[in-house]
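For reference, the structure discussed in these notes is given below.
The values are calculated or read from the model by the stated rules, or taken from the named source; none is laboratory data. In this text the structure is predicted, and so the values were computed from the model without any measurement. Heads up, the Cβs are rebuilt from the backbone with ideal geometry, glycines too, and the neighbour counts pull from every protein chain shown.
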Amino acid sequence: MDWDELVKGGKDECQLTLTPEVLTSVADYFKVLAEPSRLQILCQLRSGPKNVTQILEATGMGQANVSKHLKILAQAGIVSREPRGVSVYYQIADPICFELCEVVCKQLIERLKQQARQLQPLAALHSGRLSREGS
């Protein structure tokens, strides 16, 4: 099923009507990405496949924790597992997760810049008061 089949009325219209089932799937995907430890693991896998030991060393997380998060990421289809000898290597299966994170990071940066601009008058007031107090 592609986007045109999921969206009623066409993707060029502003009103997108998605079924509750589809929205639940979208929410579940975001829930997987909403865990900082999983994001940390994904960041480690961005440079290429790694086994659990390499992920443990790079993140400083415990083995049970890493294994639990890798299982969740694999079930969501975000990472895949590849047995190599006695080790299992994990790699990114759905690189769109990085694009989503970049969009969110850019939005957070813009929000912080806007907040900083809004606070500039307060900072100017505060620094003016400090200079008067110091005189």
If I filter region 47-64 down to residues being of a type in the set (S, T, N, Q) and closer than 21 Å to A93 by Cβ, which single residue comes out as surrounded by the fewest Cβ atoms within 10 Å (Cβ to Cβ)? S47
Are any of the residues in region 38-45 out of contact with any helix residue (DSSP H, G or I) (no Cβ under 6 Å at 6 or more places or on another chain), farther than 19 Å from L100 by Cβ, loosely packed, with under 14 Cβ neighbours inside 10 Å and modelled with pLDDT of 95 or more? no
Extreme residue, nearest to the chain's Cα centre (by Cα), among residues of region 82-96 that are among the charged types (D, E, K, R) and surrounded by fewer than 15 Cβ atoms within 10 Å (Cβ to Cβ): E82
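Provide a single number: the residues in region 19-55 that are farther than 14 Å from V79 by Cβ and touching a residue at least 24 places away in the same chain (Cβ under 8 Å).
Residues meeting the conditions: 2.
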Among A93, A58, which is the only one that is without any contact (Cβ under 8 Å) to a residue 24 or more places away in the chain, touching a strand residue (DSSP E or B) at 6+ places or on another chain (Cβ under 9 Å) and more than 25 Å from D28 (Cα to Cα)? A58
Of all helices (runs of 4 or more DSSP H) completely enclosed by region 29-81, which ones contain at least 2 residues that are under 11 Å from the mean Cα position of the chain (by Cα) and of a type outside the set (S, T, N, Q)? 36-45
